[in-house]
1. In Å³ and rounded to a whole number, note down the convex hull volume per residue for the Cα atoms of region 36-78.
2. Give the ranking of Ser78, Ser27 by solvent-accessible surface, highest area first, calculated with a 1.4 Å probe.
3. Subtracting the Cα-Cα distance from 0.36 nm times the residue separation, let me have the gained length for Glu8 to Ala121 in nm, one decimal.
4. Averaged across orientations, what area in nm² does the convex hull of the alpha carbons in region 3-83 project?
5. To the nearest 20 debye, what is the magnitude of the charge dipole of the chain about its Cα centre, counting +1 on the Cβ of each Lys and Arg and -1 on the Cβ of each Asp and Glu?
6. With Kirkwood's inverse mean 1/r over C-alpha pairs for Rh, give me the Rg to Rh ratio of the chain, two decimals please.
7. Determine the gain in length on full extension of the stretch Phe50-Ala31; use 0.36 nm per residue of separation and subtract their C-alpha separation, reporting nm with one decimal.
8. What is the helix-to-structure angle for 103-124, meaning the angle in degrees between its Cα long axis and the longest Cα principal axis of the chain, kept from 0 to 90 and rounded to the nearest 10?
Amino acid sequence: MFQPTRDEARRFLFDAWRKHRAREVLSGLEALAADHIQAHPEYHALLDDFEANVDRDWRPEMGETNPFLHLSMHLAISEQLSIDQPAGITAAYRALATRLGDAHRAQHAVMDCLAEMIWRAQRDGQPPDGAAYVRCV
């Protein structure tokens, strides 16, 4: 399993956005990242300024959302949906997207469930509960 460092993950997102804006050829994953970035115009200026933001921290206790974590979770969810892992996540997502009428909004709802599953696993010292995640979605 590929586990990039914080810096590698951030550089990947900066590079994908830069390449997209320059109309350079993108890999499949870079194109997917650029699509998610496009859906978040609030992050465009941040991703246009590598030097000011590559090492910046976002503190939840200050009410801040880490844009790199947010975009990385979008990528993780997209991967899960593409391989239906955990089993049933794709059908649950499609039903949610249909009910909400907006695929991006549905991804954000899935993101809340994913974060909850990860938090519970860490809190309880247990493996992530994929079935509970799918039920949440």
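The values are calculated or read from the model by the stated rules, or taken from the named source; none is laboratory data. Please read these numbers as outputs of a predicted model, since none were measured by experiment. Cβ sites come from the backbone with ideal geometry, for glycine too, and all protein chains shown count toward neighbours. Note: areas computed on protein heavy atoms with side chains; ligands, DNA, RNA excluded. Shrake-Rupley method; radii C 1.70, N 1.55, O 1.52, S 1.80 Å.
1. Working: hull volume 3.5 nm³, N = 43.
Expressed per residue, the convex hull around the Cα atoms of region 36-78 is 81 Å³.
2. Numbers: Ser78 20, Ser27 55 Å².
Correct descending sequence by accessible area is Ser27, Ser78.
3. Details: separation 113, 0.36 × 113 = 40.68 nm, distance 2.50 nm.
Taking Glu8 through Ala121 to full extension adds about 38.2 nm, to one decimal.
4. Details: hull surface 23.3 nm².
For region 3-83, the mean projected area of the Cα convex hull comes to 5.8 nm².
5. Values: 15 positive and 21 negative charges, 73 e Å.
Approximately 360 debye in magnitude.
6. Details: Rg = 15.7 Å, Rh = 16.1 Å.
Answer for the chain: 0.97.
7. On the way: separation 19, 0.36 × 19 = 6.84 nm, distance 1.90 nm.
The Phe50-Ala31 span can extend by a further 4.9 nm.
8. The helix 103-124 is inclined about 70 degrees to the chain.
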